Amino acid sequence: MKLEDFGYNGQLENSGWRISSGDFEIGRVVSVHKERYKVITEKGEMEAELTGNLRFSSINREDFPAVGDWVALAIYDAGLSLIHKVLPRSSIIARQMVSNSSDKQIIATNIDYALLLQAVDRDFNINRLERYLTICNTSKVSPIIVLTKIDLIDEEQISDLTKRIKTRIKNVPVIAVSNESLEGYDKIKSIIEKGKTYCMLIFRGWQIHFVK
């Protein structure tokens, strides 16, 4: 397993960050449970906690590791690993906290592309789609619109819907797919690049995927 297998593409070197000590491994956060983290490294997947210094030097929740973050961590024999540093982020997807207007909840970081999935049935809403496009643009994430359940409508309806979207939303790819016939799956596969990170937004929450 290599760092590139879960989305590394040289961005840390490009940011000017360097590992100053051989004691640290580079890993990527794949899930967060309060202050416990699951991190994937070239040595495999492991549980991790924050060092006391990192915990107490953090000014707000945005300074803590989030899903997608690259981190420098020390791995110990007892299966314990400690996160010493959150590495520079290339993109941040966040939303405003309800309880405190000054804080944001980070949903994911270091995302290259967002697949915006919306079914073409009666729940289709182009205004909602535009709201999430705004989030992508603000977050420096490239959007790709994916229309699902196209087996529920005919070819003419698919064509009309695609034209409506492209009339209002410029320069964003639109791909129509069906889980029943697998139509459109080849187009999805053709846009997947090694070393890139993709998330799926299915209008119920974000799902993050690392592409090999």
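Taking residue 184, is it at pLDDT 90 or above, on the phi > 0 side of the Ramachandran plot and under 25 Å from the mean Cα position of the chain (by Cα)? So residue 184 fits the description; yes.
Checking 134, 167, 138, 162 one by one, the residue that is free of Cβ contacts under 8 Å to residues at least 24 places away in the same chain, within 17 Å of residue 188 (Cα to Cα) and out of contact with any Asp or Glu (no Cβ under 6 Å at 6 or more places or on another chain) is 162 and no other.
The values are calculated or read from the model by the stated rules, or taken from the named source; none is laboratory data. Source: prediction; values computed, not measured. Note that each Cβ is placed from the backbone with ideal geometry, even for glycine, and that neighbours are counted across all protein chains shown.
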